[in-house]
Amino acid sequence: MTNLITTVLMQSSSDPALAAGEGTTPKTFWLPEGASTFASQNDWVFNFINYINYFFFFLVVGLMFYFVWKYRQKGREVYARGPSHNTVLELGWTILPTLIVVVIFFMGFRGFVSMKSVPANAYQIDVTALRYGWVFKYPNGATSEDLYVPAGKPVKLVMRSEDVLHSLYIRDFRVKQDVVPGRYTTMWFQADAPTEGDKFHWLFCTEFCGVGHSNMNRKVYVLNEMDFGNWVVEQGRWLDKIAPEELYSKAGPKLFARCAGCHTLDGKAGTGPSWGNYDGSGNIWERTSKSGSAHKVGGKSVSDLIGNGKQYETPEGYLRASILNPNEHIVDGFGPAMPTFKGQLNDKAIDALIGMMKHLDEFDAKGNFVGKK
Amino acid sequence: MTTLDTRPIHDEVPGNYLTFRRGILSWILTLDHKRIGVMYLVAVLTSFFVGGVMALLVRTKLLFPGEVEWMTADQYNKAFTLHGAIMVFLVIVPSIPAALGNFVLPIMLGAKDVAFPRMNLFSFYLWVLGAICAVYSLLAGGFDTGWTFYTPYSSQFGAGGTIPVLVGVFILGFSSIFTGVNFIVTIHKLRPPGMTWFRMPLFLWALYATAIIQVIATPVLGITLAMLVIERAFNIGIFDPSMGGDPVLFQHFFWFYSHPAVYIMILPGMGIISEIIAVHSHRHIFGFRFIAFSSIAIAIFSFLVWGHHMFTSGQSPLLNVLFSAITFSVAIPSAVKVFNWLATLYKGSISLNTAMWYGLAFIFLFTIGGLTGIPLAVLSTDIHLHDTYFVVAHFHYVMMGSALIAMIGGLHHWWPKMTGRMFNETWGQIACALVFVGFNMTFFTQFMLGSQGMPRRYYAYQPEFQIYHHISTGGSYIMGLGFVITAIYLIHSLFAGKKAPANPWGGASLEWQCTSPPPHDNFATTPRVGDCYDFSAVSWDEKQQGYVVDVEAHVAAAQSGKAH
Amino acid sequence: MSHSAPHADHHADHHAHGDHAKYPFLAHHFDTPLQQFESGKLGMWVFLATEVLFFGALFVMYAILRFKDPQVFSYAANYLDTILGGINTCVLILSSLTMAVAVRAAQTNKKGLLSLCLALTLAGAIGFLVIKYFEYTHKFHLNLKWGQAFYQPADEATAAAVKVEPKPVENPVLAIASPNPSAGAAPAALTALPPADKTAIAAPKTGPDGVATAQMVAATDATVHASHPEGAHLMDPTMPPNTHRFFAIYYLMTGLHGIHVLIGVGVIGWLFLGSLRGRYSSDYYTPVDLVGLYWHVVDLVWIFLFPLFYLIH
């Protein structure tokens, strides 16, 4: 048994997901490391309940085994005379557990109240959940796939979903909140210990949302104030700092990460049409831009939509509309599953993605830029 | 070593319910509650194996943390959804009331049949129809929404078989409702003279409380699923946020039924345990009145706590606090029942038959299941544990480790009565041990998985969790083996088991006073009622190789006012 | 056989074999007719409790929808014809009366009266359904349907008058800028989109909470108004958003009720045929009594539905 526990702990100690340092509680047999101000108080309640549970479990099971041994049937003895009720005992074992659970309830209640009371000075991050990914938006407009938070400050997340229910869970912070379409939900936490180097905390989606439900894992990095300030500013400007001719190669892959849940690059089937060649009419740029293309959208050929005097002057315009208003024209053979990216991708971001589509041969199947062959 | 008794089981006891009429029509058009119970049993156990195979598929995939070629995420989602839906709606909800209850209730009560035999048969055919709809849904593309069918995934996405399975569950709901109506009326109106409420065995109290829940909660499920079907088919907009609807509203409606539903699953199981522990300890049950009242209390309180499934759903903090507090009110009666059963063991005369092993396993597993409900009911700890494997482990301990184990225990306890045959005790105990060990291996590790943060319904997971999954999957195979062995020796007993006496275990309730198997009419004359937990008039008869009850003495003892 | 039939014959032993010979309707598992009758009655009451919960869930849904959007309910109730609803209410109440008389007739062994009253009840039930049929078809004609169909123009004239087709697909929440107190520096270009292909990204005019409203028409078309004096709802600028939800719950509840009336037609029809054959007498009238109970509950549900939908403005 000890070997088992050692194995478990050793396996996880080489995991980059652990961030050691002050302000954290270490991983235990039951719980992962705790890295927020909630962790120590909630863990204390959890452990308290656990010890009470151990006590009652061993009491009940111990007595059970003892009685079964001591009072086993002798021969065919068939009428055992034991007490059939005892008011004092029955009242006792009703009232005592009731008192215990009342105490436990209040402990949980107190912890809950603090989890629901968002401090006034909390740093707000807007969160969008979609199938299958997260977009974290910072006050200066910067967006990120992973969650970066400042250390030592309360952080409030204001969340909404693009499509179905999701749930944001950061296990090391002991926080979780469902993300609902059509409304905002909020949660807050405060992490005091910065994550060192590559280390991070896991962020999971914990409300079933489809085939990519287990693929929505993201990383949470806690940065000290100065580093965080720098990061936010850099993140806001990251697209601006890339030269236009390098936009597609540097920004494309990063942006493509949120398309990858539904679109493959190599022609394989997915929720959405592959950016690669899947039906003989070429990759996404080829089949959109070639005149007389056989690619069908909403029953019509795509080239009926693109051109002088038609709905879109250029293929870029059509692609842009597909990103910002995806249900307007749905490719034949696919359903209306794509969420809109309006508000999440600015012009530069769309340019980068369209650039990536134009230079698709310079990317590998995972979306990494490999350069011209 | 007795020679193999190769006569068909029905022939030993002339004129029992199995020989009463023959031919397939006499079964499928039967109005005899015992035959209906047997048909339900076969149906439910078959579904259990199908659901179990789904579970093994899921567990096998989970040996590997990443994608596997032989099962896509979509197939995985369908597998776990099918596992949940089959187990909840086709197996556990009907298992004890419809399969065992139908058989035992009238005989235990002292009646000739349930109040409405035709409605009973109709309930069975509704079950069959619901099962057919579920099978059809598989052919129509399967369904992958999770057995909870949360919107908007189920109303806007979800696979093609979603509507058929919802229709199937709707029909199953009515099967459950009619069984409930039948049991309530039977218990109220068909009791023989002397069978007052407080002379009624605790299994019947449990079935009565269950029937109340069935009758009140299930219609709400019916309407909820009907609304979901209409939403999905016509997009009327009650759950769709882009049409002004509220997805969380579905959760409220759904859990308003589904929480009481879990008590439909456990209460009859607790009733069986009361019977098994008392009979196999040969001792009066401790605290009869409390156990009886606690069943009713649980039934009532179960309607007030549905929101504890929704602490992170975005419902108001005030609701969270209220539901958390009221949840403890349901926990206390359950805990006290465990103490009562322990006290029944005290100064008993315990025979360790297979049924008793299952009863003891129930106490062990229900204690764990119940206690782990506490960190889930407590608000601050639930935030961390909700929607993780901790919840999965908790509900498997109470639904499978308790309700299902109780059902299997009851099956062994009443097997001689139902079939007229004894099964092989040694294999019974071996299988019980395998199931018990396998179960704990499978699900105890899942508590750790959950508290360490692994979310549920995950196809792929971080490698740090792999060791737990390996142990869990290994346990599931051991458990599966235990169930297969159980099936083998039970079926074998039908052909080659020792003939069963009327009262193999020494019970004092009415079902042990008729032959094994019982006659078509249950009782030739109106049975005479004593205290079903008073074993003073029971003695072993060497010739019959079974116990006998001296009815005169039994009734006299009860009338002389022996308190219980 | 009067209700005051006394002592439970439960204590009789199975010399009640005699009872079974004497009362051919007595099922084998019951000891006495009284026990059978009381069991049937209790069973029916328990079943009706399930019906109450069945409808009750929908009443809760109604309450929630109404609480959320009271103006929708006040507005949309105008589209219901109170007179027809009132007639329906009277028809149902009268049919309940004839049903009660039928039960009494069976109890007092008046077989002719029984058949007559059952026939009248049946007529009332069918009449209810006929009136409902007219109500529904009229609404379908005006496209007062559920879900997105509500927003489709009913005919070409209205379609021409409605300039922009409503598209409730886009999530209106996205259009709302999130309040951001810690917003420091000027928001980057992310929030503002340069107008590109206008036609491609035609944004539906969304109401504050949900679906496109009917504020689409600059000038009302007099001809459309003339042909639909009740008002094509799409033309009405005062229609609140989410009005389709009123019709959703209206059809759900009246539809479910209608299904129960239809079942009632079947069951009462069966009783009527049985009464013609003389099956029911003062000895055995249990089915009449039980169906009567069912019918009264169906009527009761309508008595709640009618004011909630038709009368409250």
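The values are calculated or read from the model by the stated rules, or taken from the named source; none is laboratory data. Note that the structure is predicted; figures quoted are calculated from it, not measured. In this analysis, Cβ positions are derived from the backbone assuming ideal geometry, glycine residues included, and neighbour counts consider all displayed protein chains.
Summary of computed values
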{"quantity": "Restricting the stretch B:230-254 to residues that are within 14 Å of chain A (Cβ to nearest Cβ) and aromatic (Phe, Trp, Tyr), the residue that is farthest from the chain's Cα centre (by Cα)", "calculated": "B:239"}
{"quantity": "Residue match in the stretch A:301-308 (condition: among the small types (Gly, Ala, Ser), in a helix (DSSP H, G or I) and either at negative phi or not assigned by TED's automatic domain parsing to the domain that holds residue A:142 (or both))", "calculated": "yes"}
{"quantity": "Residue under evaluation residue B:360, criteria (1) over 23 Å from residue B:530 (Cβ atoms); (2) buried (at least 24 other Cβ atoms within 10 Å of the Cβ); (3) more than 7 Å from every other protein chain (Cβ to nearest Cβ), criterion not met", "calculated": "(3)"}
{"quantity": "Hits in the stretch B:483-512 - residues which are more than 14 Å from chain A (Cβ to nearest Cβ), crowded, with 21+ Cβ neighbours inside 10 Å and part of a helix (DSSP H, G or I)", "calculated": "B:486, B:490, B:493, B:510, B:511"}
{"quantity": "Every pair of residues 6+ apart whose Cβ atoms lie under 9 Å, when the first sits in the stretch A:23-47 and is of a type in the set (Gly, Ala, Ser) while the second is surrounded by fewer than 19 Cβ atoms within 10 Å (Cβ to Cβ) and assigned to a strand (DSSP E or B)", "calculated": "A:34/A:25; A:35/A:25; A:39/A:25; A:40/A:25"}
{"quantity": "Filter pass, residue A:227 being surrounded by fewer than 18 Cβ atoms within 10 Å (Cβ to Cβ), modelled with pLDDT of 85 or more and not assigned by TED's automatic domain parsing to the domain that holds residue A:327", "calculated": "yes"}
{"quantity": "Helices (runs of 4 or more DSSP H) wholly inside the stretch B:1-118 that include at least 2 residues being modelled with pLDDT under 95 and over 22 Å from the mean Cα position of the chain (by Cα)", "calculated": "B:24-28, B:73-85"}
{"quantity": "Qualifying positions in the stretch A:117-155 - within 14 Å of residue A:205 (Cα to Cα) and not in a strand (DSSP E or B)", "calculated": "A:131, A:132, A:145, A:146"}
{"quantity": "Residue check, residue A:158 within 12 Å of another protein chain (Cβ to nearest Cβ), in contact with an Asp or Glu (Cβ under 6 Å, 6 or more places away or on another chain) and either buried (at least 21 other Cβ atoms within 10 Å of the Cβ) or in a loop (DSSP other than H, G, I, E, B) (or both)", "calculated": "no"}
{"quantity": "Restricting the stretch A:192-220 to residues that are farther than 16 Å from residue B:386 by Cβ and in contact with a His (Cβ under 8 Å, 6 or more places away or on another chain), the residue that is farthest from the other protein chains (Cβ to nearest Cβ)", "calculated": "A:195"}
{"quantity": "In the stretch A:134-171, residue farthest from residue A:118 (Cα to Cα) [restricted to those that are under 11 Å from the mean Cα position of the chain (by Cα) and β-branched (Val, Ile, Thr)]", "calculated": "A:135"}
{"quantity": "Qualifying residue in the stretch A:98-118 (condition: under 30 Å from residue B:350 (Cα atoms), more than 8 Å from chain B (Cβ to nearest Cβ) and surrounded by fewer than 17 Cβ atoms within 10 Å (Cβ to Cβ))", "calculated": "no"}
{"quantity": "Any chance residue B:372 is surrounded by 22 or more Cβ atoms within 10 Å (Cβ to Cβ), more than 27 Å from residue B:462 (Cβ to Cβ) and hydroxyl-bearing (Ser, Thr, Tyr)", "calculated": "no"}
{"quantity": "Conditions (1) of a type outside the set (Ser, Thr, Tyr); (2) within 25 Å of the chain's Cα centre (by Cα); (3) crowded, with 21+ Cβ neighbours inside 10 Å; (4) closer than 16 Å to residue B:251 by Cα; number of the one not met by residue B:147", "calculated": "(3)"}
{"quantity": "Condition broken by residue C:102, with the remaining ones in (1) at pLDDT below 90; (2) closer than 22 Å to residue C:268 by Cβ satisfied", "calculated": "(1)"}
{"quantity": "Hits in the stretch B:441-456 - residues which are in contact (Cβ under 8 Å) with a residue 60 or more places away in the chain and surrounded by fewer than 23 Cβ atoms within 10 Å (Cβ to Cβ)", "calculated": "B:444, B:456"}
{"quantity": "Leading residue by the ranking (surrounded by the fewest Cβ atoms within 10 Å (Cβ to Cβ)) among those in the stretch A:126-146 that are hydrophobic (A, V, I, L, M, F, W, C) and closer than 17 Å to residue A:214 by Cα", "calculated": "A:135"}
{"quantity": "Residues (at the interface with chain A (Cβ under 7 Å from one of its Cβ atoms) and in a loop (DSSP other than H, G, I, E, B)) located in the stretch B:286-329", "calculated": "B:286, B:287, B:312, B:313, B:314"}
{"quantity": "The stretch B:155-179, subset surrounded by 24 or more Cβ atoms within 10 Å (Cβ to Cβ) and facing chain A (nearest Cβ under 10 Å), residue modelled with the lowest pLDDT", "calculated": "B:158"}
